[in-house]
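Report on the following structure.
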Amino acid sequence: MTIGRLKEQGAAFETINYYEKPLSFDELRKLVDKLGIAPRDLLRKGERVYRDLKLAHRELTDDEIIQLMIENPDLIQRPIVVKGNKAVLGRPPENVDDLL
């Protein structure tokens, strides 16, 4: 849906599948900074790995959360749309309008 919205707006974009090209710790840290949110807010709380790791009940540092997302990419909310120094979560797709 988000890709369709980008196409509708005529935006040039590149997609990155982080399962095929995993993010480094520094890349994910920069992405979180561009989103302007806490790493915990980027977690997909409905994922089985979230429950298996008992993340709802653990006190973790931001760096620990980022490392867990690197090790378990299913934990990362998606899609994320980046333009320059800003990024937004592409759910709902209308969120990308702020970047266009």
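Of note:
- The chain: Rg to Rh, with Rh as the Kirkwood radius over Cα pairs: 0.98
- Between Lys54 and Met1, residue separation times 0.36 nm minus the direct Cα-Cα distance comes to 16.0 nm.
- For the pair Glu8 and Lys34, the difference between a 0.36 nm per residue extended length and the Cα-Cα distance amounts to 7.0 nm.
- Integer Hz, Karplus 6.51/-1.76/1.60 couplings in order for region 74-89, x for Gly and Pro: 4, 6, 8, 4, 8, x, 10, 10, 10, 9, x, 9, 10, 8, 9, 6
- For the chain, the Cβ-based charge dipole about the Cα centre amounts to some 240 debye (Lys, Arg positive; Asp, Glu negative; other atoms uncharged).
- By average C-beta atoms within 10 angstrom, highest first, the peptides 22-28, 10-16: 22-28, 10-16
- Low-density loop cleavage sites - trypsin sites (Lys or Arg not before Pro) in region 24-93, where at most 14 other Cβ are within 10 Å (DSSP): Lys45, Lys54, Arg58
- For Lys83, net neighbour charge (Lys/Arg +1, Asp/Glu -1) across residues whose Cβ lies under 12 Å away: -1
- For the chain, the longest principal axis of the C-alpha atoms and the axis of helix 25-35 are separated by about 60°.
- Theoretical gain in end-to-end length, Asp74 to Leu99 [0.36 nm per residue, Cα-Cα removed]: 6.5 nm
- The chain, relative contact order in percent, only Cα pairs under 8 angstrom and at least six apart counted: 33
- Structure remark: mean-square fluctuation, Gaussian network model of the chain, C-alpha springs under 10 Å; the largest value among Asp41, Asp63, Asp52 belongs to Asp52.
- Most mobile listed residue (Leu55, Leu42, Leu31) in the chain, GNM with C-alpha springs under 10 Å: Leu55
- Distance between region 1-70 and region 80-100 - C-alpha centres, whole angstrom: 13
- For the residue pairs Lys21/Lys83; Lys7/Lys34; Lys54/Lys86; Lys7/Lys83; Lys30/Lys83; Lys7/Lys86, the C-alpha atoms sit more than 24 angstrom apart in Lys54/Lys86.
- Largest-first ordering by accessible area, 1.4 Å probe, given options Met69, Met1: Met1, Met69
- The modelled label-to-label distance between Tyr19 and Thr61, using points 7 Å beyond Cα along the C-beta direction, is 3.2 nm.
The values are calculated or read from the model by the stated rules, or taken from the named source; none is laboratory data. Predicted, not measured: the structure shown is a model, and the values here were computed from it. With ideal geometry, Cβ positions are generated from the backbone for all residues, glycine too; neighbour counts draw on all protein chains shown. The accessibility values were calculated without ligands, DNA or RNA, using every heavy atom of the protein model including side chains. Shrake-Rupley method; radii C 1.70, N 1.55, O 1.52, S 1.80 Å.
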